[in-house]
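This report refers to the structure that appears directly beneath it.
The values are calculated or read from the model by the stated rules, or taken from the named source; none is laboratory data. Just so you know, these numbers come straight off a predicted model, no measurement behind them. Please note: Cβ atoms are built from the backbone with ideal geometry, for glycine as well, and neighbour counts cover all protein chains shown.
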Amino acid sequence: MDDAVVVTPCLTVVMPCYNEAATVAVAVKRVLESPYTAELIIVDDGSTDGSRELVQDLGDGRVQVLLQPVNRGKGAAIRRGFEAASSQFVIVQDADLEYNPVDYPQVLEPLLRNEADVVYGSRFLGGRPHRVLYFWHSVGNKILTTLSNMFTDLNLTDMETCYKAFRRDVLRTITLEEDRFGLEPELTAKVAAGGWRVFEVGISYSGRTYAEGKKIGWKDGLRAVWCIVKYSTWRRPPRVAAA
């Protein structure tokens, strides 16, 4: 019999949460079931539906709950979680069950093999299962990803994905400013400008409808276009990747 693979917990999971009482408990359970999870930082962004009460006193020493006094936006919540992260690798995990932590091994593999500094989990690669929903959302995603690629000279298929994983020292070099969904193109622009090694891997996706709580809207798409242009002018001295 083959020896079982021993997994060393090495991952900080940053979970922004705003009014996700219907899903956050299951999302937390799935994250904590992953053998890669060393730390889960839940940033409640001023929820008013009982979400923050659900994540208090979970009885697991790996969980840290940070409370935003008012709703400031997903970007602000993620930024605060990044600042508190202490593990070697960091990933963003929404509290809405659209993304599944069973995909952590695929996302982490290029990082663990020291082939990448940043890994994007793409909903459009690898033939992984995904729920079929809004056509125009997929069109908008492709437009934003293409525009981002034009400004960053990357070749991503899913710039807007939630699953972005980083070596923690990469995040320490990036100053983030966006408070809402503009964080996605901002992060991508600054990663590209930093010269970091970026990989993409296929992940599964179980999207939800607006009736089920989806929050992103057309105004966020317009802001994303603005952020692509704005932050792609951001520059830092060229960096030579570690061997």
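Brief remarks on what is shown
- Filter result (touching a Pro at 6+ places or on another chain (Cβ under 6 Å) and surrounded by fewer than 19 Cβ atoms within 10 Å (Cβ to Cβ)) within the range 18-72: 30, 38
- If the condition is being of a type in the set (Ser, Thr, Tyr) and closer than 16 Å to residue 206 by Cβ, then the range 82-122 contributes 99, 104, 122.
- The residue that is modelled with the lowest pLDDT, among those in the range 129-175 that are of a type in the set (Phe, Trp, Tyr) and under 23 Å from residue 98 (Cβ atoms), is 134.
- Residues of the range 154-173 that are in contact with a Lys or Arg (Cβ under 8 Å, 6 or more places away or on another chain) and either buried (at least 20 other Cβ atoms within 10 Å of the Cβ) or closer than 20 Å to residue 201 by Cβ (or both): 158, 161.
- Taking the criterion of being more than 13 Å from residue 232 (Cα to Cα) and in a helix (DSSP H, G or I), the residues of the range 146-192 that qualify are 146, 168, 169, 170, 171.
- Flag if residue 105 is modelled with pLDDT of 95 or more, within 17 Å of the chain's Cα centre (by Cα) and under 22 Å from residue 23 (Cα atoms): no
- Residue 21 meets all of the listed conditions (1) assigned to a loop (DSSP other than H, G, I, E, B); (2) under 20 Å from residue 187 (Cα atoms); (3) in contact with a helix residue (DSSP H, G or I) (Cβ under 6 Å, 6 or more places away or on another chain) but one, namely (2).
- Applying a threshold of 7 Å to beta carbon distances and a minimum spacing of six or more residues, or different chains, the list of pairs starting in the range 29-54 at a residue that is farther than 16 Å from residue 74 by Cα and at pLDDT 95 or above and ending at one that is among the basic types (Lys, Arg) and surrounded by fewer than 20 Cβ atoms within 10 Å (Cβ to Cβ) reads 32/62; 37/62; 38/62; 39/62; 40/62.
- Residue in the range 83-98 that is more than 25 Å from residue 30 (Cα to Cα) and surrounded by fewer than 22 Cβ atoms within 10 Å (Cβ to Cβ) present: no
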